[in-house]
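> Just passing along the structure, written as structure tokens.
Every number here is computed from the coordinates shown, using simple stated rules; none is lab data. The structure displayed is predicted, hence computed values, not measured ones. Using ideal geometry, Cβ is built from the backbone for each residue, glycine included, and neighbour counts are taken over all protein chains shown.
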Amino acid sequence: MNLTRTLRVIHRDLGFLVVGISLVYGISGILLNHMNGKDPAFHTDTKTVQLPANLDENELTTTWQTNKDLPPLKRIMRSDDSHLQVFLNGGTGIYNTVDGSFSYERYIKRPLIYWINRLHYNKVKGWVWVADCFAGSLIFLAISGLFIVKGKRGLAGSGKWYLIAGILIPILFGLLFLH
């Protein structure tokens with residue numbers, strides 16, 4: 001078996017092997033690139049509910065415990081004369097003592113997105129080995145791919161122009177935007 005055939009076989013089989021990992025990194029990379037200040041692994045649930053007015057910290061705690069529609073309470077703290085800061089399990093809110101309104105935000109985990117982002121950030125025990133093997137596979141796929149295609153579409157033909165463009169893109173971004 002010649003070198004080109006061997007590279008083609010390894011390139012093909014390795015390419016199939018890394019599809020799942022490529023999807024994890026690709027999908028989470030797109031989500032992380034477009035965070036707009038929010039973690040895509042969590043959904044923000046914002047609500048306002050009406051409670052009795054003029055409650056102090058203890059009365060609000062008692063009212064809270066009798067209302068099953070409210071999220072789990074962690075702590076209440078006075079923020080000023082007419083507002084109480086309410087810390088929730090997975091969120092936070094403000095109780096207005098004057099009018100009794102309570103506005104809060106809770107952050108609800110999106111399990112699939114949370115999981116793939118943790119893999120992307122290498123936050124799963126043992127994943128660093130998979131990530132390193134994947135990175136090595138990408139290097140092999142990039143280099144072996146240069147030698148698989150022959151002729152006018154290969155490295156000696158039009159392929160060299162794509163290769164040069166692919167090398168220049170990160171260099172130009174570095175020169176133009178890294179200051």
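> If you filter segment 50-91 for trypsin sites (Lys or Arg not before Pro), then keep DSSP loop positions with at most 14 other Cβ within 10 Å, what is left?
68
> Give a quick list of trypsin sites (Lys or Arg not before Pro) in segment 115-160 that DSSP marks as loop, anything other than H, G, I, E or B, with at most 14 other Cβ atoms within 10 Å.
Qualifying residues, ordered by number: 123, 125, 150.
> Identify, among 67, 53, 88, the residue whose Cα sits farthest towards the positive end of the charge dipole of the chain, taking +1 on the Cβ of Lys and Arg and -1 on the Cβ of Asp and Glu, with the dipole about the Cα centre.
Sorting the options by dipole projection puts first 88.
> Okay, moving on. Checking the table 68/109; 47/123; 74/123 against a 25 Å threshold on Cα-Cα, which pairs fail?
Over 25 Å Cα-Cα: 47/123; 74/123.
> On C-alpha positions alone, give me the angle between the axis of helix 127-148 and the longest principal axis of the chain, in degrees, nearest 10.
For helix 127-148, the angle is close to 30 degrees.
> So what's the back-of-envelope 222 nm ellipticity for the chain, counting only DSSP H runs of four-plus at -39500 (n - 2.57) apiece and dividing by all residues, rounded to 500?
-16500 deg cm²/dmol
> Turning to a different aspect of this structure: Just flag the chymotrypsin sites (Phe, Trp or Tyr not before Pro) in segment 100-167 sitting in loop per DSSP whose Cβ has no more than 13 other Cβ atoms within 10 Å.
121
> What dipole magnitude, in Debye to the nearest 20, does the chain give about its Cα centre under +1 on Lys/Arg Cβ and -1 on Asp/Glu Cβ?
1600
> To test your reading of the geometry: what angle, between 0 and 90 degrees and rounded to tens, separates the Cα axis of helix 19-33 from the longest principal axis of the chain?
Around 50 degrees separate the two axes.
> Using alpha carbon coordinates only, what is the Rg to Rh ratio of segment 1-105, with Rh defined as the Kirkwood radius?
Ratio value, two decimals: 1.45.
> Sticking with this one: What size of dipole, in debye to the nearest 20, comes out for segment 42-109 about its Cα centre when the only charges are +1 on Lys and Arg C-beta atoms and -1 on Asp and Glu C-beta atoms?
It works out to roughly 400 debye.
> Also, quick follow-up: In terms of Cα to Cα distance under 19 Å, which lysines are near enough to residue 150, apart from those fewer than 8 places away along the same chain?
Once the sequence-local lysines are set aside, what remains near residue 150 is 160.
> Tell me which label goes with the value of semi-axes √(5λ) of the Cα gyration tensor in Å computed from the coordinates here: [x] 31, 18, 14; [y] 57, 19, 11; [z] 29, 18, 16.
Answer label, from the structure shown: [y].
> Assign unit charges at the C-beta atoms only (+1 for Lys and Arg, -1 for Asp and Glu), then state the dipole size of segment 83-166 relative to its Cα centre in Debye, rounded to the nearest 20.
So the magnitude is around 620 debye.
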